[in-house]
Amino acid sequence: MEIAFVTPAIAIRDSKDPDGPALILAPGGWSAFLAGTKNGEFDL
């Protein structure tokens with residue numbers, strides 16, 4: 001996973017497929033993702 005802070009968004013892509021699609025998040029979406037990860041909301 002590669003993460004780039006490209007104002008005003010955050011871009012995320014698969015480092016093994018750099019020519020593939022990227023996920024673009026607004027800062028609020030990125031913050032919500034980080035909070036959910038820290039809180040274990042995405043545990044399988």
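Tabulated data for the structure shown
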| read-out | value |
| --- | --- |
| Expected 222 nm ellipticity per residue - DSSP helices of 4 or more, -39500 (n - 2.57), all of the chain, to 500 | -8500 deg cm²/dmol |
| Cα-derived Rg over Rh, computed across the chain with Rh taken as Kirkwood radius | 1.02 |
| Net charge dipole size for the chain [Lys, Arg +1 and Asp, Glu -1 on Cβ; Debye, nearest 20] | 140 |
| Most mobile of 22, 32, 11 in a GNM of the chain (Cα contacts under 10 Å) | 32 |
| Chymotrypsin sites (Phe, Trp or Tyr not before Pro) within the chain: DSSP coil, no more than 12 neighbouring Cβ in 10 Å | 42 |
| Degrees, to the nearest 10: 27-38 long Cα axis against longest axis of the chain | 50 |
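Every read-out reported here was derived from the displayed coordinates using simple, explicitly stated rules and does not represent laboratory data. Keep in mind it's a predicted model, so treat the numbers as computed, not measured. Positions of Cβ are generated from backbone atoms using ideal geometry, with glycine treated the same way; all protein chains shown enter the neighbour counts.
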